[in-house]
Amino acid sequence: MGTPMAKHLIAAGYHLTVHNRSRGAVDELVAAGAIAAASPADVARASTMVITMLPDTPDVERVLTALDGVLAGLQKGAIVIDMSSISPVVTERLATLVAEKGGSMLDAPVSGGEIGAINAQLSIMVGGDEAAFTRVKPVLAAMGNPEKIIHIGRSGAGQICKICNQVAIGGALVGVCEAFALAKKAGVDAARVRQALLGGFAASRVLEVHGERMLVDNYKPGFRARLYQKDLRIANEAAAANGVAMPATAIVAQLINALVASGGADLDYAALGTVLFKLAGGQ
């Protein structure tokens, strides 16, 4: 997702210095007008705003705190914007480290998947200092839908909001999967069931988009199952840390674990439907 997001920033007139572990994305962005850096520290030395978009919590920790990481080159007054989906607890700790270097850190995870990134229509949920948020909002607006860029609250609040997003999607996704499994097992046309449900109170983006995927067996990834597995792991960790019972989410997490364990890690997470269809004795 980071590559199309960066391209939108270049198209909006921002000067980008970029670094990535694999060279392909860097070369693509350099061809679009960016400047390549040798390390995250070099990116920070050249930038008043540093944006990270990485798979998991340890990746963000490493990019920020390694010897050649962002903190090693951070300018005083700079803003670090982490757009990854990671642990809110670690986010707060990293924000403290950035503040000790004279900067500010915003957690700004996104929703909308690869299509949202390509079309600059991401929803962006932001935690951290409100003045810093105001300063970076035009930058975020180049990558997302301006009406869906929301300051949630303190540091870590953006990550909590993203967890809430994934929890809500999981419940809806399993509901659609079970509904289709029942329709198929009962010999009823699931496509017509979906059409009828879209006209009533059960209508949702999950039913519209992922329901269509399930009907045509199209699981080309917009958001990979292994990344959703990671998000649900973080969700259950946050639930435990805050003393919140989330039994439905625990079940969704186990179903995603089953999908990944059966070889579906790089399928779209809507392929969770295949797990429930098999449990119902179908394909």
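So what's the angle, to the nearest 10 degrees on a 0 to 90 scale, between helix 247-259 and the longest Cα principal axis of the chain?
90 degrees
Using Cα pairs closer than 8 Å and at least 6 residues apart in sequence, work out the relative contact order for the chain, in percent.
Value for the chain: 14 percent.
Which links in K185/K278; K7/K230; K184/K278; K162/K230 stretch past 18 Å when you go from one Cα to the other? Could the numbers behind the result be given before it?
Values: K185/K278 11 Å; K7/K230 26 Å; K184/K278 11 Å; K162/K230 12 Å.
Over 18 Å apart, Cα to Cα: K7/K230.
To the nearest 10 degrees, how steeply does helix 88-100 sit against the main Cα axis of the chain, on a 0 to 90 scale?
The two axes meet at around 10 degrees.
Could you state the number of Å between the C-alpha centres of the stretch 191-240 and the stretch 5-55?
Using only Cα atoms to place each centre, the spacing works out to 31 Å.
Which whole-Hz ³J(HN,Hα) couplings does the stretch 167-178 yield from phi under the Karplus relation 6.51 cos²θ - 1.76 cosθ + 1.60, θ = phi - 60°, glycine and proline marked x?
5, 5, 5, x, x, 5, 5, 5, x, 5, 4, 5
What list of ³J(HN,Hα) couplings, whole Hz, do you get for the stretch 199-207 from phi and the Karplus terms 6.51, -1.76, 1.60, once you set θ to phi - 60° and write x for glycine and proline?
Each residue's phi maps through the Karplus curve to give x, x, 6, 7, 4, 7, 5, 5, 5 Hz.
Taking amide H positions as placed 1.01 Å from N in the peptide plane, with prolines and chain starts having none, which residues 5 or more places from I149, or on another chain, fall under 5 Å of its amide H?
I124
Determine, for L106, L97, L29, the number of other Cβ atoms within 10 Å of each Cβ, and report the residues in order from fewest to most.
Details: L106 28, L97 17, L29 23.
Lowest count first: L97, L29, L106.
Can you list the residues, at least 5 places off or on another chain, whose amide H is less than 5 Å from the amide H of T17, using H built in the peptide plane?
I35
Each residue of the stretch 13-18 in order: what ³J(HN,Hα) in whole Hz does its phi give by Karplus 6.51 cos²θ - 1.76 cosθ + 1.60, θ = phi - 60°, with x for Gly and Pro?
x, 7, 8, 10, 10, 10
Would you pull out the residues with amide H under 5 Å of S104's amide H, same chain only if 5 or more places away, H placed 1.01 Å from N?
Here A78, I79, V80 satisfy the definition.
Given contacts defined as C-alpha pairs under 8 Å and at least six residues apart, what's the relative contact order of the stretch 161-279, whole-number percent? It would help to have the intermediate numbers written out before the result.
On the way: 120 pairs, mean separation 43.4, N = 119.
Dividing the mean separation by the residue count of the stretch 161-279 yields 36 percent.
For the stretch 2-154, give the share of DSSP beta bridges that are antiparallel, in percent and rounded to the nearest 5; count only bridges with both residues there. Intermediate values should be presented prior to the final figure.
Numbers: 3 of 18 bridges.
Rounded to the nearest five, the antiparallel share is 15 percent.
Which order do K137, K184 fall in if you start with the one that has the fewest other Cβ atoms within 10 Å?
K137, K184
What list do you get for I118, I79 if you sort them by fewest beta carbons within 10 Å?
Numbers: I118 17, I79 24.
With the fewest neighbours first, I118, I79 line up as I118, I79.
Is the stretch 7-166 rounded, prolate or oblate when judged by the Cα gyration tensor, a ≥ b ≥ c being the square roots of its eigenvalues, rounded requiring a/c under 1.5 and prolate requiring a/b larger than b/c? Intermediate values should be presented prior to the final figure.
Working: a/c = 1.44, a/b = 1.07, b/c = 1.35.
Here the stretch 7-166 falls in the rounded category.
Tilt of helix 23-32 relative to the longest C-alpha principal axis of the chain, in degrees (0 to 90, nearest 10)?
70 degrees
Taken together, the values in this text are just the output of simple stated rules run on the coordinates, not laboratory data. Bear in mind the structure is a predicted one, so any value in this text is a computation, not a measurement. FYI the Cβ positions are ideal-geometry reconstructions off the backbone, even for glycines, and counts take in every protein chain you see.
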